[in-house]
């Protein structure tokens, strides 16, 4: 059974709605700071605001690359990844090219992932002086099981830190079978982030039991409050 603190450290409190305001981002960061969540996930234009509020805390700032479609060029994604880190991001959620997966062009997908990871790894040593967590984002609801299996092996071999189940903007969010499938393919050395549709503590617990190590959700506060109602502090 997870403690409250352990549960909080699985939560990436997320606000990627394109109409999100500065005030909403500020509130997101205050909630995350108070509850010691793992990270906040914001769009790139809000990285500096989040970083300012969360500086000196145990909450990381995560931002997105290629969101939510994944159809940008490799060069564009590399620039965005580097720019996000330059602005203060500690973690990156990188969306891969779904069209290339559906075209069975796995050479392209492997190249894309390996270039982004290698560039960030090289520059974290030279410039950032910190480890940048890289999460590679699938859209499990749009992919066949064999496509997911193949991509998961590519992601783990690339040296990325996490595989993320979905963007939260697809036809569905994370399902238990998605997490179980990913865990069948990869080792415990890589994290699994479940995202999309996680609203309750019951949802969170089921996904963690299935093998998720991070949860991307806009309902982190609700999840913690439900935990406290059930188990207290």
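With springs only between Cα atoms under 10 Å apart, run a GNM on the chain and tell me which of 141, 56, 196 wobbles the most.
Top of the fluctuation ranking is 56.
Run the numbers on the chain and let me know its relative contact order in percent, using alpha-carbon pairs under 8 Å that are six or more apart.
17
Can you sort 1, 69 by how many other beta carbons sit within 10 Å, fewest first?
Least crowded to most crowded, the residues run 1, 69.
I need 144, 80 ordered by Cβ neighbour count within 10 Å, fewest first.
Fewest to most other Cβ atoms nearby, the residues stand as 144, 80.
How would segment 126-233 be classified by its alpha-carbon gyration tensor: rounded, prolate or oblate, with rounded meaning a/c under 1.5 and the a/b versus b/c comparison settling the rest?
Verdict is oblate for segment 126-233.
Compute the separation of the alpha-carbon centres of segment 1-33 and segment 179-196 and state it in Å as a whole number.
Going from one Cα centre to the other spans 22 Å.
Pick out which of 202, 164, 82 has the largest mean-square fluctuation in a Gaussian network model of the chain, springs linking Cα atoms closer than 10 Å.
202
So how do 224, 96 line up by other beta-carbon neighbours within 10 Å, fewest first?
224, 96
Looking at the chain, I'd like the Rg to Rh ratio, where Rg is from alpha-carbon atoms and Rh is Kirkwood's inverse mean 1/r.
0.95
So, R0 is 30 Å and r is the distance between the beta-carbons of residue 230 and residue 189; what FRET efficiency does that work out to, to 0.05?
0.40
Any read-out appearing in this document is the output of simple, stated calculations on the displayed coordinates, not a laboratory observation. Here the structure is a predicted model, which is why all the values come from computation and not from measurement. Reconstructed Cβ throughout: ideal geometry from the backbone, glycine too, with neighbour counts over all protein chains shown.
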